[in-house]
1. Looking at segment 169-181, which of the residues that are in contact with a helix residue (DSSP H, G or I) (Cβ under 6 Å, 6 or more places away or on another chain) and closer than 17 Å to residue 76 by Cβ is modelled with the highest pLDDT?
2. Check whether at least one residue in segment 529-539 is more than 38 Å from the chain's Cα centre (by Cα), assigned to a loop (DSSP other than H, G, I, E, B) and buried (at least 19 other Cβ atoms within 10 Å of the Cβ), and report yes or no.
3. Please enumerate the residues belonging to segment 463-472 that are closer than 30 Å to residue 277 by Cβ and either surrounded by fewer than 20 Cβ atoms within 10 Å (Cβ to Cβ) or in the same structural domain as residue 558 (by TED's automatic domain parsing) (or both).
4. Can residue 639 be described as touching a helix residue (DSSP H, G or I) at 6+ places or on another chain (Cβ under 8 Å) and more than 20 Å from residue 530 (Cβ to Cβ)?
5. So residue 243 fits all but one of (1) modelled with pLDDT under 90; (2) surrounded by 15 or more Cβ atoms within 10 Å (Cβ to Cβ); what number is the exception?
6. Going by what's in this entry, would residue 170 be described as loosely packed, with under 15 Cβ neighbours inside 10 Å and under 30 Å from residue 15 (Cα atoms)?
7. Considering only segment 430-472, state which residues are out of contact with any strand residue (DSSP E or B) (no Cβ under 6 Å at 6 or more places or on another chain), over 21 Å from residue 203 (Cα atoms) and at pLDDT 85 or above.
8. State whether one or more residues within segment 32-46 are within 34 Å of the chain's Cα centre (by Cα) and closer than 21 Å to residue 131 by Cβ.
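The values are calculated or read from the model by the stated rules, or taken from the named source; none is laboratory data. This is a predicted model, so every value here is computed, not measured. Heads up, the Cβs are rebuilt from the backbone with ideal geometry, glycines too, and the neighbour counts pull from every protein chain shown.
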């Protein structure tokens, strides 16, 4: 789909020249010229193009679809596509006039090798594009004359028609050269729907679809919901459930095979969705429909004759009802209701019947095992769903799975990884493309934006939210969601809390023990080097403004609260005691906030040419420690551990 969306990009002068050269040297055969008045009641749908084609639509607003890309046309539109492309035209008004030119291109023997090399760069005969021509009336005249000449059937008239084809392509390339044409813009909502219909069985990231159209994931979601009345994720789940229902009714595949083939991560997710949408398990759905199909097969009157245009007698049979073993009923719903009642009765009898070792031995045990195996798997899925624990959070009590398998983590990725859990999805794991400390441990994790639409595609069983709680309500509808207010927690409190959430209490103790040991060793090393009483200032520095970090910042939390190093008095009173994350300090008063050592946070350049900056003792004695984004961005325990080593080693080196 990405290649198709990219086909509408502006052509460079080099590309245009190459395409014109290929047209000049190739053998072009004009196959046919047609006209069709496409009405809104009878749109052209999924027409497989037998050759390369130009399609010129005019006279009204319409949507023109080529394969998975839908172009929106207002009054005039010229579209080109290659052989085998699927063409659909849907007028928004009453009708749209449409001219179609069919042609075939072949390479002459003399220029074949040269042209083949050019075709590897760009192939104008299969390119997919759409635009509004600069002179739509002139093009309309060309197409009209081309069709008239072709339909007259005489050689001279058809030769003239072919000449109009060359005029057309020359005019198109002149438009491309001008660089001022208006390309028909793909309709993101329609194209996204077509893409989901075709690829629902694969893992899908909505942001990747949005990227194909150069829009945000949120914008694509809003456009889709406005057009379809549901979100992208709701449509995708509906599409997958429809596929699963079809396979449950018409195949003998196992529940696991159907789940995988329908695009669900595993049978547990299929089970959960069926319980949510159908209030029954997939196996119950299969049994009900199997019995319903048997009921349908009892009465010959319920089989309809097939005529060329319709099913004969369908309405009459529906109104008269069907005679079945349950008596005369008026709808399939009553049959299904009776069938479900029978199943529940049989199920109750079966569950209440004691085992009888002296009874008759099953004459076909292999067959019995085969038919019950999917149900056993589904039972396990049900038990897995029901095995939960309750976690008390600032948002209230939340039930979480005992052994979460599909965890999505926001920001505090290093905490989760340190506890031995590899997240399925991660958000805000790093900043500005810098590699996180734990990057090697999340190579298999899927990077996402923490938007509900993206999170839903992963079908998580647990969500850990940290950066903010704006999306908490929406995320909690997808899976159990734990909000971690990390700014109000110490490292020890946070790790114990996340350990409880993940059921990794012992791992949390071990991680904290190692971390505490590292801190104590660092404090002892700083004390032995005579650095216990020095003051530290950290921040992002520049000529215009300086953001001085307090103890709520990730680096400040570690330096001031855990390593117990001192802040200058102005930093302590104006920023730390005021419970501020940052203090915005101008260059004129910066000196009052500067300690014995400076920590420059982030990857910005310090203002080395500024007079005030150069007068600072810490600058004059080169007591500046740079902490890049990869170490300053996150508060997690793995990053903090690496940050301790980085800061302490630099302080010790400067103190020598």
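1. 176
2. So far as segment 529-539 goes, yes, one or more of its residues are more than 38 Å from the chain's Cα centre (by Cα), assigned to a loop (DSSP other than H, G, I, E, B) and buried (at least 19 other Cβ atoms within 10 Å of the Cβ).
3. Filtering segment 463-472 for residues closer than 30 Å to residue 277 by Cβ gives 463-465, 469-472.
Listed by number, the residues that qualify are 469, 470, 471, 472.
4. Values: touching a helix residue (DSSP H, G or I) at 6+ places or on another chain (Cβ under 8 Å): yes; more than 20 Å from residue 530 (Cβ to Cβ): yes.
When the stated conditions are applied, residue 639 passes them.
5. Just one mismatch for residue 243, condition (1).
6. Details: loosely packed, with under 15 Cβ neighbours inside 10 Å: yes; under 30 Å from residue 15 (Cα atoms): yes.
Yes.
7. Residues satisfying the conditions are 436, 437, 438, 439, 440, 441, 470, 471.
8. Yes, there is a match, as at least one residue in segment 32-46 is within 34 Å of the chain's Cα centre (by Cα) and closer than 21 Å to residue 131 by Cβ.
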